[in-house]
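Here the structure is laid out as structure tokens; the discussion comes afterwards.
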Amino acid sequence: MKNLHLLLNPLNDENPITVQVLGICSALAVTVQMKPAIVMALSVTVVTAFSNLIISLGRNTIPPRIRIIIQLVVVAFLVIVVDQILKAYVYDVSKKLSVFVGLIITNCILMGRLEAFAMSNKPVESFLDGIGNGAGYGLILITLSFIRELFGSGSVLGYQLVPQSFYDHGYSDNGMMILPPMALITVGIIIWIQRGYNRKLIEK
Amino acid sequence: MENLFNLFIRNVFTENMIFAYFLGMCSYLAVSKTVKTSMGLGVAVIFVITVTVPVNWLLENYLLKEGALKWLGSSFADVDLSFLSFLLFIAVIAAIVQLIEMVVEKFAPALYNALGIFLPLIAVNCAVLGAALFMQEREYGSIAEATVYGFGAGFGWALAIVVLAAIREKLKYSDVPKPLRGLGLAFILTGLLAIAFMGFSGIKI
């Protein structure tokens, strides 16, 4: 029961992006199209889950004074592995993500969860917490990239969704959705809607 | 000289870390409630980036890049250690942040308390590592360029956070729909600021 709670809580009540304000940079930058967003979400989930597991296993032996450096080294190691795998199997997506794969190291979700959860909880729970938070992050990423790709390019996952007849009658893609500012505004609106339904999240 | 000046202006306005690349958004959104604390964090970030980018530039060019180890002898000429760059960059950043944390705690305890968790979190501020990775990707030719780039990127970041904090201070008493208060509004404001900053991209220097 508690484990299920660990998995599901980050999807809504404690969503890393819209509630904890963690990991926003990459969420905005990689969401122009759905494919890179999905790859990014998976990579982050893998790195969060395993870094949580590793840090949790060593939580009693890590000296508190140098814990940040140790955490960063563990995370950097996992990110190098993910980066090499992406380069080997999905090179075009890896090119599109450019510096943002490397920036998973500094994705605040990782440090946030390591500090707030893995340092004081058992390995299995930490692993599940990592998966849950990765999924919460992925949920927002996929929603955002769906909206941006649909309205910005008229396609989803590369398949043309807006029929050609619309274009013939004068419909045109909203180029603004592809640009950075609309990503921010769209997230703002997603937060607005979420808090409209989930009123206990409203800030004073 | 003129080249360096251009680089600085470009990185503050048209290629602003926040408005064009969304780097360092987490602390940007979380600390921008008052101008005073955001100013403190802004200065800290400027300092950290201006120091770490040139240090990482040296690492990149004399240790990591393909052929960078030539100074060790011809047998090292085709060693490529670039897969290690994430690890080394982040280690340098973490070490320098730790150093700065100690200095701030000793000499400015008030600022230290105000920044709280966000000072150690500069180590994981994506703007700092992002600047190092952009430096690697864009292959700046000299250490002077790398330093100016770092300073410009940091300055642009600080400018952005102070502007947002100033607006949020004024908006504290306005009548905003309840679910939009706080984070949601900060996002939309940043979006509008980003649109404003896009206007700078028309400038030719």
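Points worth noting:
- Matching option when the condition is in contact (Cβ under 8 Å) with a residue 60 or more places away in the chain and surrounded by 24 or more Cβ atoms within 10 Å (Cβ to Cβ), among A:I109, A:I105, A:I142, A:I131: A:I109
- Tally of residues being in a helix (DSSP H, G or I), surrounded by fewer than 20 Cβ atoms within 10 Å (Cβ to Cβ) and small (G, A, S) across the stretch B:135-147: 1
- Unique residue being assigned to a helix (DSSP H, G or I) and free of Cβ contacts under 8 Å to residues at least 60 places away in the same chain when the list is A:I54, A:I62, A:I38: A:I54
- Selected residue (criterion: farthest from A:L184 (Cα to Cα)) from residues of the stretch A:145-167 that are touching a residue at least 24 places away in the same chain (Cβ under 8 Å) and not hydrophobic (A, V, I, L, M, F, W, C): A:G158
- Count - residues of the stretch A:171-194 that are in contact (Cβ under 8 Å) with a residue 60 or more places away in the chain and within 7 Å of another protein chain (Cβ to nearest Cβ): 4
- Scanning the stretch B:148-197 for residues that are within 17 Å of the chain's Cα centre (by Cα) and facing chain A (nearest Cβ under 7 Å), we see that the one that is surrounded by the most Cβ atoms within 10 Å (Cβ to Cβ) is B:T190.
- Number of the exception - A:A41 against (1) within 14 Å of chain B (Cβ to nearest Cβ); (2) within 19 Å of A:I142 (Cα to Cα): (1)
- The single condition among (1) surrounded by fewer than 18 Cβ atoms within 10 Å (Cβ to Cβ); (2) at negative phi that B:G73 does not meet is (2).
- The residue that is nearest to the other protein chains (Cβ to nearest Cβ), counting only those in the stretch A:145-170 that are surrounded by 15 or more Cβ atoms within 10 Å (Cβ to Cβ) and hydroxyl-bearing (S, T, Y), is A:S145.
- Residues of the stretch B:59-116 satisfying the condition of being of a type in the set (F, W, Y) and either outside any helix (DSSP H, G or I) or over 22 Å from B:V128 (Cα atoms) (or both): B:W71, B:F76, B:F107
- Residue selected from the stretch B:13-43 under the condition of a type in the set (S, T, Y) and either within 11 Å of the chain's Cα centre (by Cα) or facing chain A (nearest Cβ under 9 Å) (or both), by the criterion nearest to B:Y173 (Cα to Cα): B:Y28
- Residues in the stretch A:173-204 that are among the polar types (S, T, N, Q) and out of contact with any Phe, Trp or Tyr (no Cβ under 9 Å at 6 or more places or on another chain) were compared, and the one that is surrounded by the fewest Cβ atoms within 10 Å (Cβ to Cβ) is A:N198.
- Residue-level check: of (1) modelled with pLDDT under 90; (2) touching a helix residue (DSSP H, G or I) at 6+ places or on another chain (Cβ under 7 Å); (3) within 28 Å of B:I96 (Cβ to Cβ); (4) more than 8 Å from chain A (Cβ to nearest Cβ), B:F134 misses just (4).
- B:L129 within 13 Å of chain A (Cβ to nearest Cβ) and either crowded, with 21+ Cβ neighbours inside 10 Å or part of a helix (DSSP H, G or I) (or both): yes
- Yes/no for B:N61 being within 14 Å of chain A (Cβ to nearest Cβ), at pLDDT 85 or above and surrounded by 17 or more Cβ atoms within 10 Å (Cβ to Cβ): no
The values are calculated or read from the model by the stated rules, or taken from the named source; none is laboratory data. The model shown is predicted, which means the values in this text are computed figures rather than measured ones. Here the Cβ is made from the backbone with ideal geometry for all residues, glycine too, and neighbour counts use every protein chain on show.
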